[in-house]
Amino acid sequence: QVQLMESGGDLVQPGGSLRLSCAASSVIFGQYAMNWFRQAPGKERERVATISGIGGNTYYADSVKGRFTISRDNAKNTVDLQMNNLKPDDTGVYYCQGLNYWGQGTQVTVSS
């Protein structure tokens with residue numbers, strides 16, 4: 001089985017930064033693409049970013065381009081999401097996902 005655990009969520013002011021991390025238990029973690037999703041109350045879950053298994057290809061939602069950066073360290077079985085210039089609309093629960101497995105999520109709140 002694969003287990004994913006997110007960390008790093010917090011309350012920050014608009015314009016602030018956070019770095020989220022996802023730790024995976026799988027020994028074949030590096031073989032698969034990984035994603036970050038987020039969901040705000042009353043809204044659909046949306047894909048924020050994707051990184052390929054080797055890390056050579058990435059995807060970002062239009063709403064976060066230029067502000068968020070996804071990265072991975074397969075030796076450590078981690079996937080990170082660096083979030084800069086945060087906006088109130090970035091508020092939500094952020095989930096790490098891969099191989100149809102989901103973490104429990106970490107709360108990000110952007111508010112003055």
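The values are calculated or read from the model by the stated rules, or taken from the named source; none is laboratory data. If you're wondering where the values come from, they're calculated on a predicted model, not measured in any experiment. Don't worry about glycine lacking a Cβ; one is built from the backbone with ideal geometry, like all the others, and counts go over all protein chains shown. Note: areas computed on protein heavy atoms with side chains; ligands, DNA, RNA excluded. Shrake-Rupley method; radii C 1.70, N 1.55, O 1.52, S 1.80 Å.
Given the range 34-73, what whole percent of its Cα pairs are spread farther than 10 Å? The proportion of pairs with Cα distances above 10 Å equals 70 percent.
Sorting K43, K87 by solvent-accessible area of protein heavy atoms yields K43, K87, largest first, with a 1.4 Å probe. Using a cutoff of 8 angstrom between alpha carbon atoms and counting only pairs six or more residues apart, the relative contact order for the range 1-67 works out to 22 percent.
Dipole magnitude for the chain: about 100 debye, using +1 per Lys or Arg Cβ and -1 per Asp or Glu Cβ, origin at the Cα centre.
Of G92, G56, G15, the residue with the greatest mean-square motion in the GNM of the chain, using alpha carbon springs below 10 Å, is G56. Extension gain, Q3-E46: 0.36 nm per intervening residue step, less the Cα-Cα distance, totals 13.4 nm. Per residue, the accessible area of the chain comes to 54 Å², computed with a 1.4 Å probe over protein heavy atoms only.
On the basis of the beta-carbon distance and an R0 of 25 Å, Q13 and Y59 show a calculated FRET efficiency of 0.35. The lysines within cross-link reach of K43, meaning a Cα-to-Cα straight distance under 25 Å and a gap of 8 or more places when in the same chain, are K65, K87.
Across all Cα atoms of the chain, the radius of gyration (one decimal) and Dmax (whole number) stand at 13.1, 41 Å.
Taking the 1.4 Å solvent-accessible surface of the range 25-74 as the whole, the part contributed by carbon and sulfur is 49%.
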